[in-house]
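The values are calculated or read from the model by the stated rules, or taken from the named source; none is laboratory data. Computed from a predicted structure; not experimentally measured. Glycine also receives a Cβ, built like all others from the backbone with ideal geometry; neighbour counts cover every protein chain displayed.
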Amino acid sequence: MKRPQLTPKQQAIFRIGLAILITVFAMVALWLLRESGALQSLGYVGVFIVGFLANATIFLPAPSWALTIAAGATLNPLPVALAAAMGEALGEITGYLAGSSGSIVLENRESYQKSAKLMKRWGVWFIMILAFIPNPAFDFVGILAGALRMPVPKFLWGTFLGKLLRALLLAYGGYGVFNHFWS
């Protein structure tokens, strides 16, 4: 039996709906996890979950860097950084989905034109550098990558590498500061 094909408009609605659903889920789950105190007992899994949920929100910054620092102070910093980077990179897929839907119109903006040119030229390197810099505007990068139809693995790889480098600095920073000043 053949599956019915979605029209471009239906695909766009599905992707936007999925991005909104993930964003709402992320916000509710973050609130519930914070209120219940469950994150303290989850360890590396908790770092991954918070990283995912904090980055699955579109244009509603929910910083996960504080947890990465705190977890790095109490757990092994390398797995903390890996868990944080994996969660954060996967969470950024919501922006990509929003951009690939084609319903977010950015083409007429000058910043879009400049960024699109840089992304086409530098690809994964462009994404990696911007993922390394902590800023809530990274959602724009995901939207741009989706709009330009960058392959998902390339987008995720660049995002993961940038976020991993930042998470390593944060986790080892938390480890160093905590062990130097409070041990």
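When the residues of region 159-169 are filtered to those that are buried (at least 24 other Cβ atoms within 10 Å of the Cβ) and not hydroxyl-bearing (Ser, Thr, Tyr), the one that is nearest to the chain's Cα centre (by Cα) is Lys163. Applying the criterion of at least 3 residues that are modelled with pLDDT of 85 or more to the helices (runs of 4 or more DSSP H) found wholly in region 106-156 leaves 124-132, 138-147. Restricting Gly51, Gly87, Gly72, Gly99 to residues that are surrounded by 15 or more Cβ atoms within 10 Å (Cβ to Cβ), more than 15 Å from the chain's Cα centre (by Cα), at pLDDT 80 or above and not in a loop (DSSP other than H, G, I, E, B) narrows the list to Gly72.
Within the set Val45, Val28, the sole residue that is at pLDDT 75 or above and closer than 28 Å to Ala98 by Cβ turns out to be Val45. Output the residue which, of all residues in region 75-84 that are touching a Gly at 6+ places or on another chain (Cβ under 8 Å), among the aliphatic types (A, V, I, L, M) and assigned to a helix (DSSP H, G or I), is surrounded by the most Cβ atoms within 10 Å (Cβ to Cβ). Out of the qualifying residues, it is Ala84.
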